[in-house]
Amino acid sequence: MALAVDSVSTASGSGTGPFSFSHTCSGSDRLLFVAVSHYHVNNTVSGITYNSVAMTAVPSGAANNGQFFVTLYYLIAPASGSNTVSVSVSGGVYDIGIAAISFTGEHQTTPIGTAVTATGSSTTPSATASSATDEIVLDALTIVNSGTLSVGAGQTSRWNAATGNAFIKMAGSTEAGASSTTMSWSNSASQDWAIVTVPVKPLSTSTLRQLCLTGVGT
């Protein structure tokens, strides 16, 4: 099975949480990411679960530009079907947006490459990841909600919306990997932003061959 996006679900709000919503994972060799965009002076994401199973923070997969945060978690082999994503924060937040995105055909031992983050204040948020042609690069962006936000060329927008109180926007996209893959956005007004990007790795060739021979998938 080729690496592919399975499904995307989003939610937003404000306050102390936990913030919960349903997401459906299907297919084989699954991987789930949850991206959190939030606005607060210092409170941060303290944990995320899917189907009551703790997810793992992507190493180096969080950034903040002052009080504007973006955070990325993942879970290998999440339960199939519709289950609950639950995001806990260390205290109340002024605004929060959450996106769950699942993949199929994913490497079940080493599912991700090295995450890269960037922050700035401009009309052109971007970050560049080292990737490969058989991978998919995922990004998540938090930006102050002013102006029109558009995804960069070659990317597929997966979510792009104002959050619960509309102080910030949350956005995310995917793009086919290359040796160096820049994930970029264009906003019609210069604003503070924070972005994280990470390569998503497919099943190895040897694993695919074995699955084809046995007809077995995760």
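The values are calculated or read from the model by the stated rules, or taken from the named source; none is laboratory data. Note that the coordinates shown come from a computational prediction; the quantities given were computed from them, not determined experimentally. Here Cβ is always computed from backbone atoms with ideal geometry, including for glycine, and neighbour counts include all displayed protein chains. In case anyone asks, the SASA skips ligands and DNA or RNA and just uses the protein heavy atoms, side chains included. Shrake-Rupley method; radii C 1.70, N 1.55, O 1.52, S 1.80 Å.
Relative to the longest principal axis of the Cα atoms of the chain, helix 205-214 runs at roughly 50 degrees. Only protein atoms count toward the accessible area here, which uses a 1.4 Å probe; on the chain, the carbon and sulfur part of that area reaches 48 percent.
Taking the three principal axes of the alpha carbon atoms in the range 57-169, the coordinate ranges are 38, 32, 23 Å, sorted in descending order. Counting only protein heavy atoms and a 1.4 Å probe, the chain has 39 square angstrom of accessible area per residue. If R0 is taken as 30 Å, the Cβ-Cβ distance between ALA176 and ALA54 corresponds to a FRET efficiency of 0.45.
Relative contact order of the chain: 27 percent, from C-alpha pairs under 8 Å at least 6 residues apart in sequence.
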